[in-house]
Every structure is written in C-alpha cells, then in structure tokens.
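Every number here is computed from the coordinates shown, using simple stated rules; none is lab data. Note that the coordinates shown come from a computational prediction; the quantities given were computed from them, not determined experimentally. Glycine gets a Cβ as well: all are built from the backbone with ideal geometry, and neighbour counts include every protein chain shown.
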Ligand SMILES: *[C@@H]1O[C@H](CO)[C@@H](O)[C@H](O)[C@H]1NC(C)=O
Ligand SMILES: *[C@@H]1O[C@H](CO)[C@@H](O)[C@H](O)[C@H]1NC(C)=O
C-alpha cells in the first residue's frame with residue numbers, strides 16, 4: 001500500500017515537472033505582468049515577508065494578496081461558542097486559546113430594545129435574543145457588560161485536524177471588520193460583496209459558496225490572532241473537548257490581566273505562528289501587486305493614503321484577478337513550491353539592522369567599513385573581471401531558488417528589484433566615500449550627509465516592518481500594536497511596551513482605530 005502511494009507521488013512529481021502549464025489566466029491588458037511586479041517590488045517583498053506574521057500584517061493591514069495554504073494533520077484548533085454542541089458551519093476557529101475564549105460566552109438581551117444614541121450603538125440580536133458576537137463593533141463590545149445584557153458562560157471547544165486541510169489565506173488584517181480597507185480583498189475582489197463591513201456572517205456564507213467552487217475547506221485570516229473560517233465542521237476535524245468557561249463577571253474569569261495576557265499571546269505570534277501550523281504555497285500566490293490595478297487610497301491622512309485599497313480599481317482588472325485566484329487555488333497542491341518567505345528572511349536578516357545603523361550619522365571610516373562588509377564579497381580585488389558587482393550582489397540572494405510557476409517569475413522580478421536597489425545604493429555610497437578619499441581637494445571629508453540621505457531614501461522605500469518593533473519589553477509589559485478590534489490611532493502609528501493598566505485603558509478606549517467615523 002505504502003509502496004503504491006510512493007509510486008503515485010513520484011509519478012505526480014514527474015508529471016508536474018514535465019507539464020508546465022501556466023497557472024495564471026491568459027495575458028491581456030488587465031493581466032499580471034513583470035512590469036507591474038517590478039513597479040510594486042517593495043510591496044510584494046513585504047507581503048511575502050509578513051505573510052502569516054501578526055506584526056507586519058498589522059502595520060500593512062490592507063492585504064492585497066492570496067495564498068493557497070495547507071493546515072497540517074494534527075494541528076490543534078480552538079473554537080469559542082455559547083453552546084457545547086459542535087456547530088455545522090460556517091464558523092470561526094482560532095489558532096490560539098485566548099482568541100477562542102473571547103467567543104466562549106453568550107450575551108442575552110434582557111430588555112427587547114437596548115437604548116443607544118444611534119445606529120452605531122444598536123446591537124444586532126438573534127431570534128432567540130442572543131447577541132451575535134460576530135456582528136458587533138469594537139465600541140459595542142464594551143457596552144455588553146452594562147446591565148441591559150445578561151451574561152451566560154459559554155464553551156471552549158478543541159478540535160484537531162485529522163488530515164491536511166486545504167484553505168485560502170487572505171493576508172493583512174483580513175478578519176478586521178473595518179472600513180479602512182482591511183476587507184477590500186474579500187469584499188471588492190473575491191466576492192463583490194454588498195453586505196457592508198459588519199456583516200461577517202453574510203460574508204462567511206458567500207466565502208463558503210466560493211470555497212465549494214475552488215475546492216478549499218475555509219479561509220485563514222487575521223485579526224487579534226489568526227483564525228480559520230471553517231465551512232463545514234463535519235469535515236477534516238476531530239472533536240477533542242468542550243469545557244464550560246468560568247463566569248467572566250466573577251474575578252476568576254476576567255480581569256485586566258486576561259486582556260494583558262491575551263496581548264502577550266498575540267505578541268508571541270508577531271513574527272510567525274510557529275510549528276508550521278499553516279504552510280503557504282508561495283509559488284501559487286496571487287497578488288493585486290502583480291496587476292495594473294489602481295491601488296490608490298482616497299483617505300486624506302498621509303499615513304493612511306500609503307496603504308493600498310481596491311476602491312479605485314477597474315472592474316476588468318478585478319475580474320481578471322478573481323479568475324486568476326480561482327485558477328491558482330485549483331491548481332495548487334500540497335507539494336508546496338518555493339519558500340519565498342525564507343528568501344526574504346535571509347535578505348532582511350542580512351541588511352535590516354545594518355541599513356538602520358548606516359542611516360545614523362557615523363564617521364567616514366566606520367561608514368566605509370560597514371558598507372564594504374556588505375558589498376565587497378561581490379568584488380574581485382585580484383583580477384579586473386567584467387562582472388558588474390551590483391548585479392552579482394543583487395542576484396546572489398536569489399541563487400538558492402529556481403522559479404517554476406509564473407508567480408515564481410513575478411516574485412523573482414520583485415525580489416530582484418529589491419536586492420538590486422539595496423546593492424546599488426550601497427555601491428553608490430561606497431563610491432562616494434572612496435572618491436572623497438582620493439580627491440585631495442575635497443573640502444568636507446567628514447560630511448556624510450549625502451551618503452546618509454541615500455540610505456534613508458532606500459530605507460523609506462523598503463519600509464521593513466522589523467524597523468518599528470518595540471524592542472524587548474520588561475516582563476510586566478507587552479508590546480502593543482493596534483490589532484482589530486483593539487487599539488487607538490496612536491497604537492497603530494506608534495506601537496510601544498505597555499503595562500496591564502495602560503493597556504486596559506487603551507483597549508477600552510472609545511477612540512478606536514478600526515471604527516468608522518467621519519473621514
Ligand atoms: C487612480 O485613481 C485615482 C482616484 O480616482 C486617480 O486620481 C488616479 O489618477 C488613478 N491612477 C491611475 C494610475 O490611474
Ligand atoms: C459587482 O457587481 C456590480 C453589480 O452587480 C456589477 O455592476 C460589477 O461589474 C461587479 N464588479 C465586479 C468586479 O465583479
């Protein structure tokens with residue numbers, strides 16, 4: 001039996017490498033192109049680097065990319081519900097325990113029509129009088145423990161994947177029900193959804209219709225933690241347990257420390273959810289950054305208008321992307337392609353802190369030594385070979401991988417643009433420093449402002465999320481960045497270490513970053 005399976009998979013491999021059919025749809029003026037991938041090179045690089053990582057995906061919260069993905073057999077998944085019964089689905093299932101605990105509660109309406117100052121404060125309730133936690137806004141969340149609602153302890157369900165689950169991962173903060181653009185890739189591109197950002201159940205129903213069509217079992221998205229919309233609970237999951245939770249209105253169940261420790265849990269996933277619990281097929285990735293889409297953001301704030309949106313994109317491009325996502329997902333198999341995130345990591349680890357260091361004012365001696373350390377590997381000091389050291393340097397980091405799919409070629413073009421820009425800038429800086437040394441008449445030998453400016457321009461273009469972390473926080477503090485449904489505007493732009501009291505205030509602030517308001 002095992003032999004037959006082995007034989008079959010070898011045969012598959014052989015077939016896969018001989019029949020290279022293009023994964024993406026036919027070329028036309030709306031289609032993907034190397035030109036678009038080159039133009040959006042830094043954005044593609046960062047999307048790959050931040051995929052399935054809470055930190056970068058919270059900064060670049062408007063995800064523009066789709067990755068076919070696999071949840072390996074044996075992965076534990078957590079579901080919070082007000083009832084102990086196994087749901088049918090679609091329902092939400094979390095990768096971390098505290099995230100599921102948030103939903104392991106029931107809120108029942110005591111009075112038929114809860115008072116509120118406007119539509120924003122009206123909480124939607126089910127026919128049985130329960131508040132649907134998937135349909136309330138961050139600000140409504142905090143009104144629930146006021147006396148109009150009755151609290152009922154719910155259940156934490158634990159499930160285990162009993163075989164690999166094929167899913168589609170939507171990047172950025174795609175589970176964040178915000179009008180800042182977090183839902184564009186689903187609502188505008190995938191679904192052409194008209195329910196509005198808050199209709200999470202309506203969206204899940206439409207996503208699961210699509211799931212049947214493209215052969216996935218659900219969608220991985222991120223809010224305050226990663227989660228899976230599982231379309232059918234009777235498929236691929238083994239039920240492990242459902243335990244009733246303590247009463248959160250008593251101190252044992254809930255206090256400021258619950259939220260503090262919850263954020264600590266989120267923080268432990270800032271740079272990856274660990275244990276290979278979701279494997280992405282980068283070689284089948286489809287990104288709006290591959291296309292001639294208008295990604296401009298009409299928001300007037302400069303901080304926001306930097307984030308891409310799909311609201312201004314041409315319908316024809318959107319339809320082409322939708323059809324390409326569909327084809328890419330159908331063609332993807334669990335024999336996932338190139339580990340492009342690994343390639344990105346090798347580049348970021350080599351350059352990130354050094355580029356930051358170079359952007360500070362330093363003397364010419366240090367500057368030259370630092371730059372040389374990064375680029376002289378690619379210069380032959382012995383002979384005068386004809387190879388362009390910038391080109392050699394740029395290609396070096398891409399040597400380990402050989403592109404197969406069309407997407408590999410698009411990602412490679414983007415990555416090469418990134419490495420080329422890094423190597424070119426460093427080489428330029430090196431030349432300037434060396435020239436100054438040779439020029440006996442140079443006046444300001446110690447003035448490195450031009451060199452520093454070049455490095456700063458490069459860094460601002462690269463915009464690596466690793467440069468905005470909090471550093472190491474004290475043990476009674478956690479590094480907090482706004483993650484749906486929590487955080488203020490300041491938490492988005494200036495993440496910092498916070499203790500439990502500071503954090504509790506920020507989490508309950510009415511000045512919520514994700515909430516719609518006049519903008
Ligand atoms: C994108 O859309 C904006 C707003 O409609 C428009 O001002 C801009 O010129 C468009 N950009 C391109 C490249 O078409
Ligand atoms: C979305 O739906 C509207 C109304 O049915 C239609 O006019 C439009 O072409 C659709 N857009 C896309 C991108 O499918």
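Please work out the C-alpha center-to-center distance from the range 497-513 to the range 396-436 and express it in whole Å.
So the separation of the two Cα centres works out to 41 Å.
Starting from a Cα-only point model with no solvent, please compute log10 I(q)/I(0) by Debye for the range 449-519 at q = 0.12, 0.13 1/Å.
Results for the range 449-519 at q = 0.12, 0.13 Å⁻¹ read -0.45, -0.51.
Taking neighbour counts of Cβ atoms within 10 Å as a proxy for exposure, in what order, fewest first, do 422, 248 appear?
Details: 422 24, 248 19.
Ordered by Cβ neighbours within 10 Å, fewest first: 248, 422.
Separation of the range 348-383 and the range 193-256 by C-alpha centroid, Å?
If we compute the Cα centre of each part, the gap is 47 Å.
Where does helix 449-462 land angle-wise versus the long Cα axis of the chain, in degrees 0 to 90, nearest 10?
40 degrees
Compute the helix-to-body angle for 406-438: its Cα long axis versus the longest principal axis of the chain, expressed 0 to 90° and rounded to tens.
Approximately 50 degrees, to the nearest 10.
On a C-alpha basis, how far is the centre of the range 25-89 from the centre of the range 280-334 in Å? Whole number, if you could?
Spelled out, the Cα-based centre of one part sits 11 Å from the other.
How long are the semi-axes of the ellipsoid equivalent to the range 340-467, from square roots of 5 times the Cα gyration tensor eigenvalues, in whole Å, largest first?
Working: eigenvalues 162, 65, 24 Å².
Its equivalent ellipsoid spans semi-axes of 28, 18, 11 Å.
Using alpha carbon coordinates only, what is the Rg to Rh ratio of the range 376-451, with Rh defined as the Kirkwood radius? Working shown, then result.
On the way: Rg = 16.5 Å, Rh = 14.6 Å.
That ratio is 1.13, to two decimals.
As I understand it, the value is the acute angle between the Cα axis of helix 41-50 and the longest principal axis of the Cα atoms of the chain; what does it come to in degrees, rounded to 10?
Once rounded, the angle reads 50 degrees.
Against the empirical 2.2 N^0.38 Å scaling, what ratio does the C-alpha Rg of the range 468-508 come to?
Details: Rg = 9.5 Å, N = 41, 2.2 N^0.38 = 9.0 Å.
That ratio works out to 1.05.
Can you sort 142, 92 so the residue with the fewest Cβ neighbours within 10 Å comes first? If you can, show how the numbers build up before the last one.
Values: 142 16, 92 24.
Arranged by neighbour count, lowest to highest, 142, 92 become 142, 92.
For the range 121-162, what size does the Cα cloud have along each of its three principal axes, sorted from largest down, in whole Å?
Taking the Cα atoms of the range 121-162, the three principal extents are 41, 21, 19 Å.
Run through every distinct alpha carbon pair of the chain and return the Kirkwood hydrodynamic radius in angstroms, one decimal place.
25.0 Å
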